[in-house]
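Step one of this worksheet: look at the structure below.
Please treat every number below as a calculation from the coordinates, not as lab data. Only a predicted model underlies this, so the values are computations on that prediction, with no experimental measurement involved. Quick reminder, even Gly has a Cβ in these numbers, built from the backbone with ideal geometry, and neighbours come from all protein chains shown.
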Amino acid sequence: MPRIKSAKKRMRQTKVRTARNKTQRSKLRTSVKNVRTATTKAEASKALSEAARLLDRAGRKHLVHPRTAARQKSRLAKAVNAKA
């Protein structure tokens, strides 16, 4: 356990941020999974718009690397367009 006041504050901040990041990352992964498991093209494109929005936000806030977000969006769009 930290003894220094600033280290204690850092611990508190880290705990809050970790919890926030965990929920955001979980929401992001769920939305990506929903795109991949969608059965119809209409359903998939609707899920893609939600996933793209979350990926953009995650990249902007550095929850994931911005290029990783762009790459995932691109691959998801390609997968949706391939659906018959």
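Once the Cβ-Cβ distance between R12 and R75 is put in as r, and R0 is 41 Å, what FRET efficiency do you end up with, to the nearest 0.05?
Plugging the Cβ-Cβ distance into 1/(1 + (r/R0)^6) gives 0.60.
Report the per residue volume, in Å³, of the convex hull enclosing the C-alpha atoms of the chain. Before the final figure, lay out the partial values.
Values: hull volume 6.9 nm³, N = 84.
Dividing the Cα hull volume of the chain by its residue count gives 83 Å³.
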Based on DSSP H runs of at least 4 residues, each adding -39500 (n - 2.57), what is the mean residue ellipticity at 222 nm of the chain after dividing by all its residues, to the nearest 500 deg cm²/dmol?
-29500 deg cm²/dmol
For Cα pairs less than 8 Å apart in space and 6+ apart in sequence, what is the mean separation divided by the residue count of the chain, i.e. the relative contact order in percent?
25
